[in-house]
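Scroll down for the structure; my scribbles are underneath it.
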Amino acid sequence: MRKLPLLIAAILVLVLAFIPLFRQQNSIRQQEEYPDKDKIIIVYDNKALSGFKSAWGFAALVKFKNYTILFDTGGNGEILLNNMERLNISPSSIQYVFLSHIHGDHTGGLWAILRENPNVTVFLPATFSEAFKERVRSFGAKAVEINNPREILEGIYTTGVMFPVGEQALVLKTSKGLIVVTGCSHPGIVKIVERAENITGENAYLVVGGFHLFGAPEREVRAIATSLKKLGVRRVMPCHCTGSRAERVFAEEFGTNYVECGVGKSVSW
Ligand SMILES: [Zn+2]
Ligand SMILES: [Zn+2]
């Protein structure tokens, strides 16, 4: 019987010894780049930092002026929620969803988000099917249809729907210039940035998202990088469908102002 207190003491010591370990794991999980700053966090991409899941598609969390906007949703809700959880981003923190275009690798994860948090407003191109819009509303979420360029929230614009696919890009007006977030850039990345500048009368500073250049010859990618620079673009973060070869060219062209993309990465300004 005299051994019992000893045993209890031994267990206590063991438990106490492991508590700091658990704490440490927690702090790694909650560590955030650029805390309390406006930023864009990549939550779904073809590439990922270790510990995250990568898949063909794109989604990014935009934190700007007290607004929390999910830009696109990737193709798979489970992967999206998994990556968000690892980044300590709760679906309930999302106020707005901005959908660039109808392709499944940008919209497939939406339903998982709406199941977790139907209390959101979804900005989507008016060209989306009625069935899609109805499905959004069936969750209790608000669907706002976009046709033309306009300010959708304070300091935040849509380029309006551009063709051939019917795609909109998100534009943030910051003190450094415009930040343009693109899904797949089917209308062409240069045309999108031009449009963003025309609507707002300001120069672009940073472009983030899919540039749709995989398979494009190097000469063409260099010409695009040059055009972006001429438009005033200082920094680029090419993601998703840009393609690794084009990304290499952008890295060369923009040097230290090239930001590598991938789930778990973020960019601030
Ligand atoms: Zn697409
Ligand atoms: Zn895509």
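The values are calculated or read from the model by the stated rules, or taken from the named source; none is laboratory data. Quantities reported herein were computed from a predicted structural model and do not represent experimental measurements. Don't worry about glycine lacking a Cβ; one is built from the backbone with ideal geometry, like all the others, and counts go over all protein chains shown. Surface areas here come from the heavy atoms of the whole protein model, side chains and all, with no ligands, DNA or RNA. Shrake-Rupley method; radii C 1.70, N 1.55, O 1.52, S 1.80 Å.
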Additional length obtainable on full extension of the chain from SER175 to SER92, 0.36 nm per residue less Cα span: 27.0 nm
Separation of the LYS53 and GLU252 label points, Cα + 7 Å toward Cβ, nm: 3.6 nm
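Would you mind telling me the antiparallel percentage of the DSSP bridges in the range 63-129, rounded to 5? Don't skip to the answer; put the middle values down first.
Details: 2 of 8 bridges.
Bridges in the range 63-129 that DSSP calls antiparallel: roughly 25 percent.
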Accessible-area order (highest first, 1.4 angstrom probe) of the listed residues LEU7, LEU49: LEU7, LEU49
Percent RCO, i.e. relative contact order, over the chain, from Cα pairs under 8 Å lying at least 6 residues apart: 17 percent
Heavy-atom accessible area order for ASP72, ASP38, largest first, 1.4 Å probe: ASP38, ASP72
Accessible surface ranking that places the most exposed of SER227, SER100 first, with a 1.4 angstrom probe: SER227, SER100
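Hydropathy at least 0.5 by Kyte-Doolittle, axial extent at least 27 angstrom from the Cα trace: which helices of the chain, defined as entire DSSP H runs, fit? Mind showing how you got there, number by number?
Values: long enough: 3-30 (41 Å, 1.18).
Those that clear 27 Å and a mean of 0.5 are 3-30.
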Accessible area (Å², 1.4 Å probe, nearest 10) - GLU202: 70 Å²
Those residues of the range 74-112 whose amide nitrogen sits under 18 Å from the label point placed on LYS142, 7 Å along Cα→Cβ: 92-99
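Among bridges DSSP assigns within the chain, what percent are antiparallel (round to 5)?
Counting only bridges with both partners in the chain, antiparallel ones make up about 50 percent.
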12 Å Cα-Cα reach of LYS53 towards aspartates and glutamates, excluding residues that sit fewer than 8 places from it in its own chain: ASP45, GLU78, GLU85
Those lysines that a straight Cα-Cα span of less than 17 Å connects to LYS39, excepting residues fewer than 8 apart in one chain: LYS63, LYS65, LYS173, LYS176, LYS265
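Starting from the Cα-Cα distance between ASN82 and GLU116, subtract it from 0.36 nm times their residue separation and give me the gain in nm to one decimal. Walk me through the numbers on the way to the answer.
Numbers: separation 34, 0.36 × 34 = 12.24 nm, distance 1.28 nm.
Once the chain is fully extended between ASN82 and GLU116, it gains 11.0 nm.
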